[in-house]
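Here's the structure, in structure tokens; my notes come after.
The values are calculated or read from the model by the stated rules, or taken from the named source; none is laboratory data. Note that the coordinates shown come from a computational prediction; the quantities given were computed from them, not determined experimentally. Methodologically, a virtual Cβ is constructed for each residue, glycine included, from the backbone with ideal geometry; neighbour enumeration extends over all protein chains shown. Only protein heavy atoms, including side chains, enter the accessible area calculation; ligands, DNA and RNA are left aside. Shrake-Rupley method; radii C 1.70, N 1.55, O 1.52, S 1.80 Å.
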Amino acid sequence: MGVVENSKLTVVGAGSVGTSLAYSALIRGSASEVALYDIAREKVEAEVLDLAHGTQFTGSSVSGGADLGVVEGSHVIVVTAGAKQQPGQSRLDLAGTNVRILENLLPALLERAPDAAIVLVTNPVDVLTVAAQRITGLPPHRIFGSGTVLDTSRLRWLLARRAGVTTSSVHADIVGEHGDTEFPLWSNARIGPVPILEWRGAEPFSAGELDDIAHEVRDSAYTVIRGKGATNYAIGLAGARIVEAVLRDERAVLPVSTVLRGIRGLDGVALSLPSVVGGDGAVPVAETPFSTEEELLLRASADAITASVATLGI
């Protein structure tokens, strides 16, 4: 697909994730204009300049800087800005710091781009999605998190490599929290039209092997962080893919994180479920089938997010 004309994406945060997302969006033609905003003037101006030097080879333009005016006219805003977890700092402490950042940032963004859809990538993304929706008062479909889109990509890559098929032939999703309580919807997982446990190939999958793969998905971020300090390329690509679904009004089904309102008996908690993502934002597919065990896992995931939200007093 070509670049959507007169479409603007603003990425907030010029760190490793924000710049990887902006770079991915440029290469993929996710928007006709990609803007990068950060309060660190020298850093963001250098990143914009570096990206701009490559625009001969893309179909998009680049702008940006440390002035919030760069956000004006945005159709989609992706927020990657946030504090980094410090040694000895808990995830909840980090969440509290990032909630305070959002309290200052989000009203300012909406003042300059009142009609934009907002996608959160900053972690812990589910807790921050709840906070962001409450801070802005936007309907849940207009402000949502990247959720388990990256985790699902990791899962499909592992399954495809093991089965010896292309990744696009694997249909399987990670749902729930983007974190330790996430889980695969094995009851729906397919390779082509074949249920995963019925796939024969060279060697069939066992339930134990699928459990191992699920653990590998959950722990893969830690493996990358140990080796290089951060994950950035894959989440940059995942973020660009979400942006495209919105700007092109694709109505693509992606496992993003939205604040749920009565779906599966859950209310006021943000979790990832397969969701229709298009020009109006993201709407969970309420009729997604779950096994009894998966319902219990989803409830455990919801409880973990609810506990964090309550502790933070959001």
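Structure data summary
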read-out: Unmet criterion (only one of (1) open to solvent by less than 50 Å² (accessible area, probe 1.4 Å); (2) on the phi > 0 side of the Ramachandran plot) for LEU266; value: (2)
read-out: Single condition SER187 does not satisfy, out of (1) open to solvent by 50 Å² or more (accessible area, probe 1.4 Å); (2) closer than 25 Å to VAL17 by Cα; (3) at pLDDT 95 or above; value: (2)
read-out: Those residues of segment 8-57 which are surrounded by fewer than 22 Cβ atoms within 10 Å (Cβ to Cβ) and under 22 Å from ASP115 (Cα atoms), in sequence order; value: GLY29, SER32, GLU33
read-out: Helices (runs of 4 or more DSSP H) wholly inside segment 149-250 that include at least 1 residues being among the acidic types (Asp, Glu) and within 22 Å of PRO289 (Cα to Cα); value: 149-163, 207-228
read-out: Test: ILE135 is touching a strand residue (DSSP E or B) at 6+ places or on another chain (Cβ under 7 Å) and not small (Gly, Ala, Ser); value: no
read-out: Subset tally (residues that are among the hydrophobic types (A, V, I, L, M, F, W, C) and surrounded by fewer than 23 Cβ atoms within 10 Å (Cβ to Cβ)) for segment 270-279; value: 1
read-out: Verdict on GLY64 being at pLDDT below 95, under 12 Å from VAL12 (Cβ atoms) and surrounded by 13 or more Cβ atoms within 10 Å (Cβ to Cβ); value: no
read-out: Qualifying positions in segment 253-303 - in contact with a His (Cβ under 8 Å, 6 or more places away or on another chain) and either over 16 Å from PHE144 (Cα atoms) or outside any loop (DSSP other than H, G, I, E, B) (or both); value: SER257, THR258, SER272, GLY281, ALA282, VAL283
